[in-house]
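For reference, the structure is listed below as C-alpha cells.
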Amino acid sequence: ALGTVATGTLGIAVNITQSQDAWSFGRSTSSGTAYSGAVVDFDVENFKGSNITESAGTITVGRAGLYWISTMLTCHGTSDDFNWWLNGAQLAAVKGGRHYDSDTHLYHVVQMNTLIQIGASGTIGVYGNAVNVYGTGFMSVFQGFRIGANE
C-alpha cells in the first residue's frame with residue numbers, strides 16, 4: 001500500500017538491451033521443404049558477436065544467459081507443427097507452434113517466442129514435428145539474442 005501520494009510521479013522502467021550475441025536465420029526458397037522428426041536447417045544465416053555458432057540448423061551459444069528466441073514459419077498444408085529442442089531434447093516448458101486446418105492449399109504462418117535461460121555451450125534448434133517450411137527472403141525465420149549489455 002502506498003498511502004497518500006500528494007505530488008510526484010510514480011513509474012516503473014524496464015530496459016532490455018540486446019547483446020552482441022545474436023542470430024537470425026531464414027529460408028531462401030519459395031518451394032516448401034518438409035521436416036518431420038528433424039531439425040529445420042535454415043540456409044540464410046546472420047550472426048552478431050563471436051559467441052554464436054551454427055551447424056545443420058542447430059545453434060550453440062558460447063555464453064550463458066537469458067535469451068529471447070522467436071520463430072515464424074510460413075507453411076503450407078493441413079497440419080504444421082514444430083517445437084524448440086534445447087540441448088537435444090524437446091523444450092517441455094513451451095508449447096510448440098501448431099496449425100491444423102482441413103484446407104490442404106492454405107498458406108499460413110506459425111509462430112512462437114519466449115525468454116529462456118541457456119547455459120554456456122547450450123544448443124537450441126527448431127524441430128519440425130511435421131512442418132512444410134517456405135521461405136523467400138525472411139518469410140520464415142528463427143532468431144534470438146542474449147539479454148544484456150552491449151559488449
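The values are calculated or read from the model by the stated rules, or taken from the named source; none is laboratory data. Quantities reported herein were computed from a predicted structural model and do not represent experimental measurements. Glycine gets a Cβ as well: all are built from the backbone with ideal geometry, and neighbour counts include every protein chain shown. Each accessible area value is taken on the protein alone, full model and side chains, heavy atoms only, with ligands, DNA and RNA left out. Shrake-Rupley method; radii C 1.70, N 1.55, O 1.52, S 1.80 Å.
Confirm whether Val133 is of a type in the set (A, V, I, L, M, F, W, C), over 13 Å from Asp21 (Cβ atoms) and open to solvent by 10 Å² or more (accessible area, probe 1.4 Å). Considered against the rule, which asks whether it is of a type in the set (A, V, I, L, M, F, W, C), over 13 Å from Asp21 (Cβ atoms) and open to solvent by 10 Å² or more (accessible area, probe 1.4 Å), Val133 comes out as no.
Would you say Asp41 is without any contact (Cβ under 8 Å) to a residue 40 or more places away in the chain and crowded, with 17+ Cβ neighbours inside 10 Å? Yes; evaluated as a whole, the condition is true for this residue. Within region 53-65, the set of residues being more than 19 Å from Arg27 (Cβ to Cβ) and either open to solvent by less than 80 Å² (accessible area, probe 1.4 Å) or in contact with a helix residue (DSSP H, G or I) (Cβ under 9 Å, 6 or more places away or on another chain) (or both) comprises Thr53, Thr60, Val61, Gly62, Ala64, Gly65.
Scanning region 92-126 for residues that are assigned to a loop (DSSP other than H, G, I, E, B) and either open to solvent by 60 Å² or more (accessible area, probe 1.4 Å) or free of Cβ contacts under 8 Å to residues at least 12 places away in the same chain (or both) returns Ala92, Ala93, Lys95, Ser102, Asp103, Thr104, His105, Ala120, Ser121. Restricting Ser30, Ser50 to residues that are touching a Ser or Thr at 6+ places or on another chain (Cβ under 7 Å), surrounded by fewer than 13 Cβ atoms within 10 Å (Cβ to Cβ) and not in a strand (DSSP E or B) narrows the list to Ser30. All of (1) touching a Ser or Thr at 6+ places or on another chain (Cβ under 8 Å); (2) in a strand (DSSP E or B); (3) within 21 Å of Glu45 (Cβ to Cβ) hold for Asn129 with one exception: (3).
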